[in-house]
Amino acid sequence: MKQVLSRSITLIPDTDPLDNQYLFQIATRVLSPIVVDLAELLKGFRNDRVEYKKDYKLWNDVYPGEKELELFQDILEKALTEKRKVHIMNCTLREEVQIIRELYERLGYFDEKENCFIVPFDSVPITIGVNIRNLAYSTKDYKSKRDSVCFIPPPREPWHIKTIFAAINSGVISTVDINDTETETTLLRDLLDTEKINLTKFSQVVYGNYREMWCQMGKTQEWKVTL
(Lines give C-alpha, C1' and ligand atoms only; values in the text may rest on other atoms or scores of the structure.)
Protein backbone atom coordinates (compact mmCIF):
# COMPACT_ATOMS: atom_id res chain seq x y z
CA MET A 1 0.00 0.00 0.00
CA LYS A 2 1.16 3.50 -0.83
CA GLN A 3 0.63 6.71 1.15
CA VAL A 4 -0.27 9.58 -1.17
CA LEU A 5 0.92 13.00 -0.05
CA SER A 6 0.68 16.41 -1.70
CA ARG A 7 4.01 16.07 -3.50
CA SER A 8 4.98 12.41 -3.26
CA ILE A 9 3.79 8.82 -3.07
CA THR A 10 5.58 6.60 -0.55
CA LEU A 11 5.39 2.89 0.22
CA ILE A 12 3.93 2.11 3.64
CA PRO A 13 6.34 -0.21 5.51
CA ASP A 14 5.46 -3.90 5.62
CA THR A 15 2.91 -3.69 2.83
CA ASP A 16 2.87 -5.14 -0.67
CA PRO A 17 4.34 -2.60 -3.15
CA LEU A 18 2.37 -4.22 -6.01
CA ASP A 19 -1.11 -4.27 -4.45
CA ASN A 20 -2.33 -1.04 -6.16
CA GLN A 21 -3.77 0.19 -2.86
CA TYR A 22 -3.49 3.85 -1.90
CA LEU A 23 -4.05 5.64 1.38
CA PHE A 24 -5.20 9.27 1.58
CA GLN A 25 -5.80 11.67 4.43
CA ILE A 26 -9.04 13.59 3.88
CA ALA A 27 -10.29 16.61 5.80
CA THR A 28 -14.05 16.35 6.34
CA ARG A 29 -14.61 19.22 8.77
CA VAL A 30 -12.51 22.35 8.51
CA LEU A 31 -12.49 24.86 11.34
CA SER A 32 -10.88 28.19 10.61
CA PRO A 33 -11.66 31.89 11.02
CA ILE A 34 -10.53 32.48 7.43
CA VAL A 35 -13.32 30.32 5.95
CA VAL A 36 -16.39 31.93 4.37
CA ASP A 37 -19.01 29.43 3.20
CA LEU A 38 -21.07 30.49 0.18
CA ALA A 39 -23.56 27.70 0.88
CA GLU A 40 -24.43 29.21 4.26
CA LEU A 41 -24.71 32.71 2.84
CA LEU A 42 -26.95 31.58 -0.01
CA LYS A 43 -29.47 30.06 2.40
CA GLY A 44 -30.62 33.56 3.27
CA PHE A 45 -31.52 34.29 -0.36
CA ARG A 46 -33.75 31.35 -1.20
CA ASN A 47 -36.29 32.19 -3.91
CA ASP A 48 -39.47 30.48 -2.71
CA ARG A 49 -41.40 31.68 -5.77
CA VAL A 50 -39.64 29.09 -7.91
CA GLU A 51 -41.79 25.94 -8.05
CA TYR A 52 -38.97 23.53 -8.71
CA LYS A 53 -41.05 20.46 -7.81
CA LYS A 54 -42.79 20.92 -11.17
CA ASP A 55 -39.47 20.97 -12.99
CA TYR A 56 -36.38 20.06 -10.99
CA LYS A 57 -34.10 21.96 -13.33
CA LEU A 58 -35.52 25.07 -11.68
CA TRP A 59 -33.66 24.23 -8.46
CA ASN A 60 -30.77 26.04 -10.12
CA ASP A 61 -32.92 29.20 -9.87
CA VAL A 62 -33.87 28.75 -6.22
CA TYR A 63 -30.29 29.76 -5.40
CA PRO A 64 -29.27 31.44 -8.67
CA GLY A 65 -25.71 31.81 -9.86
CA GLU A 66 -26.16 35.58 -10.16
CA LYS A 67 -26.70 35.88 -6.38
CA GLU A 68 -23.77 33.56 -5.67
CA LEU A 69 -21.49 35.67 -7.85
CA GLU A 70 -22.70 38.86 -6.18
CA LEU A 71 -21.92 37.41 -2.74
CA PHE A 72 -18.55 36.17 -3.96
CA GLN A 73 -17.58 39.59 -5.29
CA ASP A 74 -18.65 41.27 -2.05
CA ILE A 75 -16.53 38.86 0.02
CA LEU A 76 -13.54 39.33 -2.25
CA GLU A 77 -13.72 43.12 -2.30
CA LYS A 78 -14.10 43.36 1.47
CA ALA A 79 -11.24 40.94 2.11
CA LEU A 80 -8.87 42.80 -0.22
CA THR A 81 -9.88 46.19 1.16
CA GLU A 82 -9.40 45.08 4.76
CA LYS A 83 -6.32 43.02 3.85
CA ARG A 84 -7.80 39.91 5.44
CA LYS A 85 -6.95 36.35 4.45
CA VAL A 86 -10.10 34.54 3.27
CA HIS A 87 -10.88 31.06 1.96
CA ILE A 88 -14.19 30.98 0.08
CA MET A 89 -15.81 27.53 0.15
CA ASN A 90 -18.49 26.06 -2.11
CA CYS A 91 -17.73 28.04 -5.26
CA THR A 92 -19.53 26.75 -8.36
CA LEU A 93 -19.12 29.31 -11.14
CA ARG A 94 -16.54 29.78 -13.89
CA GLU A 95 -16.83 33.55 -13.35
CA GLU A 96 -15.49 33.09 -9.82
CA VAL A 97 -12.63 31.00 -11.15
CA GLN A 98 -11.76 33.65 -13.72
CA ILE A 99 -11.68 36.39 -11.07
CA ILE A 100 -9.23 34.44 -8.92
CA ARG A 101 -7.17 33.39 -11.91
CA GLU A 102 -6.72 37.03 -12.92
CA LEU A 103 -5.84 37.96 -9.31
CA TYR A 104 -3.19 35.22 -9.15
CA GLU A 105 -1.76 36.36 -12.49
CA ARG A 106 -1.42 39.91 -11.18
CA LEU A 107 0.27 38.60 -8.05
CA GLY A 108 2.80 36.71 -10.19
CA TYR A 109 1.82 33.19 -9.11
CA PHE A 110 1.73 31.70 -12.61
CA ASP A 111 4.79 29.57 -13.38
CA GLU A 112 5.30 29.41 -17.14
CA LYS A 113 7.75 26.52 -16.88
CA GLU A 114 5.30 24.36 -14.92
CA ASN A 115 2.28 25.81 -16.80
CA CYS A 116 0.33 26.17 -13.57
CA PHE A 117 -0.09 28.44 -10.58
CA ILE A 118 2.32 28.02 -7.68
CA VAL A 119 0.41 29.60 -4.83
CA PRO A 120 1.99 30.46 -1.44
CA PHE A 121 -0.90 29.33 0.72
CA ASP A 122 0.55 30.73 3.92
CA SER A 123 0.41 34.29 2.56
CA VAL A 124 -1.99 34.39 -0.41
CA PRO A 125 -4.88 36.77 0.38
CA ILE A 126 -7.72 34.79 -1.23
CA THR A 127 -8.22 31.09 -1.91
CA ILE A 128 -11.27 29.25 -3.17
CA GLY A 129 -12.68 25.75 -2.83
CA VAL A 130 -15.43 23.61 -4.31
CA ASN A 131 -17.60 20.86 -2.84
CA ILE A 132 -17.22 17.37 -4.32
CA ARG A 133 -20.96 17.28 -5.06
CA ASN A 134 -20.62 20.28 -7.36
CA LEU A 135 -17.93 18.38 -9.26
CA ALA A 136 -20.00 15.23 -9.54
CA TYR A 137 -23.40 16.64 -10.54
CA SER A 138 -24.65 19.19 -13.04
CA THR A 139 -27.98 20.43 -14.37
CA LYS A 140 -28.06 17.26 -16.49
CA ASP A 141 -28.78 15.25 -13.33
CA TYR A 142 -31.93 17.03 -12.20
CA LYS A 143 -34.29 14.87 -14.25
CA SER A 144 -32.95 11.52 -13.00
CA LYS A 145 -31.86 12.33 -9.44
CA ARG A 146 -34.44 14.97 -8.49
CA ASP A 147 -34.45 15.67 -4.70
CA SER A 148 -31.13 13.92 -4.15
CA VAL A 149 -29.27 16.73 -5.95
CA CYS A 150 -31.20 19.61 -4.39
CA PHE A 151 -28.26 20.77 -2.29
CA ILE A 152 -26.77 24.24 -1.85
CA PRO A 153 -25.20 25.69 -3.95
CA PRO A 154 -27.14 23.88 -6.67
CA PRO A 155 -25.55 21.80 -9.42
CA ARG A 156 -24.68 24.24 -12.19
CA GLU A 157 -24.40 23.93 -15.96
CA PRO A 158 -21.72 21.54 -17.30
CA TRP A 159 -19.48 24.33 -18.59
CA HIS A 160 -19.01 25.59 -15.03
CA ILE A 161 -17.87 22.13 -13.93
CA LYS A 162 -15.45 21.83 -16.85
CA THR A 163 -13.87 25.13 -15.83
CA ILE A 164 -13.67 24.03 -12.19
CA PHE A 165 -11.82 20.82 -13.06
CA ALA A 166 -9.31 22.79 -15.11
CA ALA A 167 -8.90 25.24 -12.22
CA ILE A 168 -8.17 22.44 -9.77
CA ASN A 169 -5.45 21.02 -11.99
CA SER A 170 -3.94 24.44 -12.69
CA GLY A 171 -3.81 25.40 -9.01
CA VAL A 172 -6.46 28.14 -9.06
CA ILE A 173 -8.87 26.13 -6.89
CA SER A 174 -7.08 25.03 -3.75
CA THR A 175 -9.51 22.65 -2.02
CA VAL A 176 -12.24 20.09 -2.64
CA ASP A 177 -14.52 19.81 0.36
CA ILE A 178 -15.65 16.30 1.30
CA ASN A 179 -18.78 15.89 3.41
CA ASP A 180 -18.32 12.24 4.44
CA THR A 181 -15.98 9.66 2.94
CA GLU A 182 -18.35 6.81 3.76
CA THR A 183 -21.31 8.22 1.83
CA GLU A 184 -19.22 9.81 -0.92
CA THR A 185 -16.80 6.97 -1.67
CA THR A 186 -18.22 6.60 -5.18
CA LEU A 187 -17.74 10.31 -5.89
CA LEU A 188 -14.18 10.20 -4.58
CA ARG A 189 -13.33 7.16 -6.63
CA ASP A 190 -14.83 8.62 -9.79
CA LEU A 191 -12.46 11.57 -9.60
CA LEU A 192 -9.50 9.21 -9.71
CA ASP A 193 -10.92 6.57 -12.05
CA THR A 194 -11.69 9.13 -14.72
CA GLU A 195 -8.17 10.55 -14.29
CA LYS A 196 -9.57 14.07 -14.10
CA ILE A 197 -7.32 14.60 -11.06
CA ASN A 198 -4.01 12.79 -10.49
CA LEU A 199 -3.13 11.17 -7.17
CA THR A 200 -0.92 13.87 -5.66
CA LYS A 201 -3.19 16.71 -6.81
CA PHE A 202 -6.10 14.86 -5.23
CA SER A 203 -4.17 14.61 -1.96
CA GLN A 204 -3.39 18.32 -2.10
CA VAL A 205 -6.95 19.50 -2.53
CA VAL A 206 -8.61 17.18 0.00
CA TYR A 207 -6.01 17.62 2.76
CA GLY A 208 -2.57 19.09 2.07
CA ASN A 209 -3.60 22.59 1.01
CA TYR A 210 -5.76 22.99 4.12
CA ARG A 211 -2.65 22.40 6.21
CA GLU A 212 -0.62 24.88 4.21
CA MET A 213 -3.34 27.48 4.78
CA TRP A 214 -3.09 26.77 8.53
CA CYS A 215 -6.70 25.60 8.71
CA GLN A 216 -7.66 23.49 11.69
CA MET A 217 -9.26 20.21 10.71
CA GLY A 218 -11.88 19.18 13.22
CA LYS A 219 -12.09 15.76 11.62
CA THR A 220 -9.67 13.85 9.40
CA GLN A 221 -10.44 10.51 7.83
CA GLU A 222 -8.22 7.92 6.21
CA TRP A 223 -9.47 6.68 2.86
CA LYS A 224 -8.10 3.51 1.27
CA VAL A 225 -8.76 2.72 -2.37
CA THR A 226 -7.59 0.12 -4.87
CA LEU A 227 -6.92 1.50 -8.34
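The values are calculated or read from the model by the stated rules, or taken from the named source; none is laboratory data. Predicted model only: the values in this text are computed from it and were never measured. In this analysis, Cβ positions are derived from the backbone assuming ideal geometry, glycine residues included, and neighbour counts consider all displayed protein chains.
A count restricted to the stretch 204-215 and to residues that are in contact with a helix residue (DSSP H, G or I) (Cβ under 9 Å, 6 or more places away or on another chain), of a type outside the set (G, A, S) and farther than 18 Å from T185 by Cα stands at 2.
Residue pairs whose Cβ atoms lie under 8 Å apart, sitting 6 or more positions apart in sequence or on different chains, and linking a residue in the stretch 124-144 that is without any contact (Cβ under 8 Å) to a residue 24 or more places away in the chain to a partner that is β-branched (V, I, T) and in a helix (DSSP H, G or I), are Y137/V149; S138/I161; D141/V149. Exactly one residue out of E82, E112, E66 is surrounded by fewer than 16 Cβ atoms within 10 Å (Cβ to Cβ) and closer than 18 Å to T163 by Cα, and it is E66.
When G129 is tested against the conditions (1) surrounded by fewer than 21 Cβ atoms within 10 Å (Cβ to Cβ); (2) touching an Asp or Glu at 6+ places or on another chain (Cβ under 6 Å), the lone failure is (1).
Which one of I173, I161 is within 28 Å of K85 (Cα to Cα), in contact (Cβ under 8 Å) with a residue 12 or more places away in the chain, among the β-branched types (V, I, T) and in a loop (DSSP other than H, G, I, E, B)? It is I173.
Within the stretch 18-39, one or more residues are assigned to a loop (DSSP other than H, G, I, E, B), over 30 Å from W159 (Cα atoms) and without any contact (Cβ under 8 Å) to a residue 12 or more places away in the chain.
Tell me, which residue of the stretch 1-17 that is free of Cβ contacts under 8 Å to residues at least 24 places away in the same chain and in contact with a strand residue (DSSP E or B) (Cβ under 9 Å, 6 or more places away or on another chain) is farthest from Q221 (Cα to Cα)? The selected residue is P17. Of the candidates V205, V119, the single residue that is under 23 Å from Y104 (Cβ atoms) and either outside any loop (DSSP other than H, G, I, E, B) or among the aromatic types (F, W, Y) (or both) is V205. Can you tell which of K140, K145 is closer than 21 Å to I197 by Cβ and either modelled with pLDDT of 95 or more or not hydrophobic (A, V, I, L, M, F, W, C) (or both)? Answer to the selection: K140. Go through the stretch 51-79 residue by residue and tally those that are in contact with a strand residue (DSSP E or B) (Cβ under 9 Å, 6 or more places away or on another chain) and at pLDDT below 95. Of the residues in the stretch 51-79, 0 are in contact with a strand residue (DSSP E or B) (Cβ under 9 Å, 6 or more places away or on another chain) and at pLDDT below 95.
For the stretch 176-202, filtering for residues that are assigned to a loop (DSSP other than H, G, I, E, B) and not polar (S, T, N, Q) leaves 7.
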